[in-house]
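Note sheet for the following structure.
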2 protein chains.
Amino acid sequence: MKKFMNTAATMVAESLEGFVRAHGEIVVFGAGRKCVRRRHFTPGKVALISGGGAGHEPMHIGFVGKGMLDAACVGHIFTSPTPDQIVSAIEEADTGAGCLLIIKNYDGDIMNFEMAIEMAAHRHRIETVIVSDDIETGRTGEGRGRRAVAGTLVVEKIIGAAAERGLPLEELKRIGDRLNGRIRTMGVALSGVTIPQIQRTTFSLNTDEMEMGVGIHGEPGHSRQRLLAADAIIRHLCETISADISIQPDTKALLFVNGLGGTPPAELYLAYNAAHRFMEERLIHIERALVGTYVTSLDMQGLSVTLALLTDDEIALWDSPVATAALHLSP
Amino acid sequence: MKKFMNTAATMVAESLEGFVRAHGEIVVFGAGRKCVRRRHFTPGKVALISGGGAGHEPMHIGFVGKGMLDAACVGHIFTSPTPDQIVSAIEEADTGAGCLLIIKNYDGDIMNFEMAIEMAAHRHRIETVIVSDDIETGRTGEGRGRRAVAGTLVVEKIIGAAAERGLPLEELKRIGDRLNGRIRTMGVALSGVTIPQIQRTTFSLNTDEMEMGVGIHGEPGHSRQRLLAADAIIRHLCETISADISIQPDTKALLFVNGLGGTPPAELYLAYNAAHRFMEERLIHIERALVGTYVTSLDMQGLSVTLALLTDDEIALWDSPVATAALHLSP
């Protein structure tokens, strides 16, 4: 696939610069451009910091702003930010109430965030929440288990609202850890992704094939299958994620259909329709919905379905105002 | 390109149903599903109604809500809604202060909206604003001149804010007509679009080609060119749109980079960065920015750049609160 780009070496920096120019009322670059941070911090509030490789935009930079993150660090494409970047974000964002780092469960991210904590812990109170919502990758038994994908948005939104209410660091960690256990995501791809440096797709599919169980780094999923009608695809995703999680009668949930970069809104809404029907038939009450392109894998054609079981308190936190570049809810 | 769909015949209806399910706090279907309308109308406010073919989502349904449209009618893919649909929307949305129809300048749309006006004019006060911001299609000299593309969003947002303030019908028409004269858009495509009914792309490009001057209906643009670096592409778009419009010193503007369906956010921000730099070098003050996938051409990989010269009053209207599925600004 072709891209709007100049050089692979400058692509991330130019895109970030465009983001900050477009949303200057919400965000600014941190010192040395090591992070993107809120234009105005709230003294006394716990600082929420996340980060990860580039290529997943608008996550996380699009979630920086009132009601969600205080700062986000961006690495190279599909590459963790450096410990130095993360320390810099901690230094800027911590106004005295400590920092909560929201980390996606990838070896590289865990390692660099842990190094940053070691470097900063003597001057800052720091806790972490590790997100691990990707159902498929947990099954391989490799590495640290489930990785984090689109469910990360849900964790960042709900902890963000709780932080805005002034809750202390330890309580925010507790909310995040509990919530993470009730979020499941599974993805499907109709194409691989084009890595700018090599100008090649990570895998190719025939016109009648799809890849089930993909993550957000362009890797193949757990099985290549014949392309099915949308209803059958969505049914499989929904069956897998809902079977993996303990669902009580009258469970309330958020249902989130996320575009992986190259899938247009009309197809996401069609997929949402099928997912919503599936869940309601299973007596899972879909109390809140989110449909859009929030957590991407460069230009991948594909989508993921996320089911997050929420308590009434968590629904209230989801509904709290948020004013970021990518997610916006009024009071 | 592959799509998430069941059948071509049901695609639009399923996608619309998913949209209404996902955004039920903002919109409901009108009677007989002939339109998508606000859940709550404001009595005494002029009703704003738009519509057009499907395939451009989130436009216009994503712009229904407080601060923008009251109702939107959706036709088949790239096909005008019927006069019957438009009359139905007028009947529902007019609470006594009249209706303003915002129409994109295509022969089919103009014809069907005019027929609807004839059918409804004996019971309703109706005015129209015709949007025609697409620079390239005006040049061919064919048909009714310039067509409407992404600039339609700007017209709907600003008239929408003015309507919310209680301005009368004639004044809203005047605001819309004046504004339309100061908006220019030009698009570029890296791929054709896949029409679901025929499962074929409207045109194919080699891996080193792009199509300059495309609209939003999958038609080829005015010239096929060798794919260039993003900076060169954006410079050409910006030169063309800014040369076509009378720019005074210290002109204030909104700059809008719109994705056509298959282009990920990171590339849109990179393009925005180049466009912003171009405009600022020309001493056009970019006071407001919008970057995202708002006016699509099914799954086309591509983008458009819109320049809208705005008065201070129009900037204030742009900044007014809006709460729709696709566009959201807090007070």
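The values are calculated or read from the model by the stated rules, or taken from the named source; none is laboratory data. Keep in mind it's a predicted model, so treat the numbers as computed, not measured. Here the Cβ is made from the backbone with ideal geometry for all residues, glycine too, and neighbour counts use every protein chain on show.
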Note on region B:158-201: residues among the acidic types (Asp, Glu) and touching a Lys or Arg at 6+ places or on another chain (Cβ under 9 Å) are B:GLU164
Can B:THR185 be described as among the polar types (S, T, N, Q) and within 30 Å of B:VAL46 (Cα to Cα)? yes
Can you pull out the residues in region B:256-306 that are within 7 Å of chain A (Cβ to nearest Cβ), surrounded by 24 or more Cβ atoms within 10 Å (Cβ to Cβ) and under 25 Å from B:ALA316 (Cβ atoms)? B:TYR272, B:VAL291
Given (1) assigned to a strand (DSSP E or B); (2) within 28 Å of B:VAL291 (Cβ to Cβ); (3) in contact (Cβ under 8 Å) with a residue 40 or more places away in the chain, number of the condition A:VAL129 does not satisfy: (2)
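Yes or no, residue by residue, for (1) touching a residue at least 12 places away in the same chain (Cβ under 8 Å); (2) within 9 Å of chain B (Cβ to nearest Cβ):
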{"position": "A:MET5", "(1), (2)": "yes, yes"}
{"position": "A:MET11", "(1), (2)": "yes, yes"}
{"position": "A:GLU14", "(1), (2)": "no, yes"}
{"position": "A:PHE19", "(1), (2)": "yes, yes"}
{"position": "A:VAL46", "(1), (2)": "yes, no"}
{"position": "A:GLY67", "(1), (2)": "yes, no"}
{"position": "A:ALA71", "(1), (2)": "yes, no"}
{"position": "A:THR82", "(1), (2)": "yes, no"}
Given the conditions (1) within 15 Å of B:SER50 (Cα to Cα); (2) touching a residue at least 24 places away in the same chain (Cβ under 8 Å), every one holds for B:GLU114 apart from (2)
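Let's see how each residue does on (1) in a helix (DSSP H, G or I); (2) closer than 23 Å to A:THR7 by Cα; (3) not assigned by TED's automatic domain parsing to the domain that holds A:HIS56:
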position: A:PHE203; (1), (2), (3): no, yes, yes
position: A:ASN206; (1), (2), (3): no, no, yes
position: A:GLU211; (1), (2), (3): no, no, yes
position: A:HIS217; (1), (2), (3): no, yes, yes
position: A:PRO220; (1), (2), (3): no, no, yes
position: A:ARG224; (1), (2), (3): no, no, yes
position: A:ALA232; (1), (2), (3): yes, no, yes
position: A:ARG235; (1), (2), (3): yes, no, yes
Return the pairs, sorted by first residue and then second, in which the second residue is among the acidic types (Asp, Glu) and assigned to a helix (DSSP H, G or I), the first residue lies in region A:176-197 and is closer than 24 Å to A:VAL154 by Cα and away from chain B (no Cβ under 14 Å), the beta carbons are less than 6 Å apart, and the residues are 6+ apart or on different chains. A:MET186/A:GLU136
Confirm whether B:ARG37 is among the basic types (Lys, Arg) and not in a helix (DSSP H, G or I). yes
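Would you check if B:ARG282 is at pLDDT below 95, over 23 Å from A:PRO196 (Cα atoms) and not hydrophobic (A, V, I, L, M, F, W, C)?
Values: at pLDDT below 95: yes; over 23 Å from A:PRO196 (Cα atoms): yes; not hydrophobic (A, V, I, L, M, F, W, C): yes.
Taking the combined requirement at face value, the residue satisfies it.
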Any residue at all in region B:234-253 that is more than 21 Å from B:ALA289 (Cβ to Cβ) and within 20 Å of the chain's Cα centre (by Cα)? no
Among the residues of region A:216-234, what is the count of those that are touching a residue at least 40 places away in the same chain (Cβ under 8 Å) and farther than 21 Å from A:LEU270 by Cα? 5
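Would you point out the residue of region B:243-255, among those that are away from chain A (no Cβ under 14 Å), hydrophobic (A, V, I, L, M, F, W, C) and in contact with a Leu (Cβ under 8 Å, 6 or more places away or on another chain), that is farthest from A:PRO264 (Cα to Cα)? Working first, answer last.
Initially, region B:243-255 is screened for residues away from chain A (no Cβ under 14 Å), giving B:243-252.
Checking the rest, the ones that are also hydrophobic (A, V, I, L, M, F, W, C) come to B:243, B:245, B:247.
Adding the requirement that they be in contact with a Leu (Cβ under 8 Å, 6 or more places away or on another chain) leaves B:245, B:247.
Working: B:ILE245: 31, B:ILE247: 34 Å.
Selected residue: B:ILE247.
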Exactly one of these conditions fails for B:GLY138: (1) surrounded by fewer than 24 Cβ atoms within 10 Å (Cβ to Cβ); (2) in contact with a Lys or Arg (Cβ under 7 Å, 6 or more places away or on another chain); (3) at pLDDT 95 or above. Give me its number. (3)
Please go through region A:21-44 and pick out each residue that is of a type in the set (Phe, Trp, Tyr) and away from chain B (no Cβ under 14 Å). A:PHE41
Determine whether A:THR240 is among the hydroxyl-bearing types (Ser, Thr, Tyr), more than 9 Å from chain B (Cβ to nearest Cβ) and assigned to a strand (DSSP E or B). no
Filtered residues of region A:204-218 (kept if surrounded by fewer than 17 Cβ atoms within 10 Å (Cβ to Cβ) and more than 12 Å from chain B (Cβ to nearest Cβ)): A:SER204
I'd like to check something: does region A:83-104 contain any residue that is touching a Gly at 6+ places or on another chain (Cβ under 6 Å), surrounded by fewer than 23 Cβ atoms within 10 Å (Cβ to Cβ), not in a loop (DSSP other than H, G, I, E, B) and not assigned by TED's automatic domain parsing to the domain that holds A:SER297? yes
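Quick check on my filter: what residues within region A:105-119 are assigned to a helix (DSSP H, G or I) and buried (at least 21 other Cβ atoms within 10 Å of the Cβ)? Reasoning before the result, please.
First pass over region A:105-119, keeping only residues assigned to a helix (DSSP H, G or I): A:107-119.
Of everything in region A:105-119, those that are assigned to a helix (DSSP H, G or I) and buried (at least 21 other Cβ atoms within 10 Å of the Cβ) turn out to be A:ASP109, A:ASN112, A:PHE113, A:ALA116.
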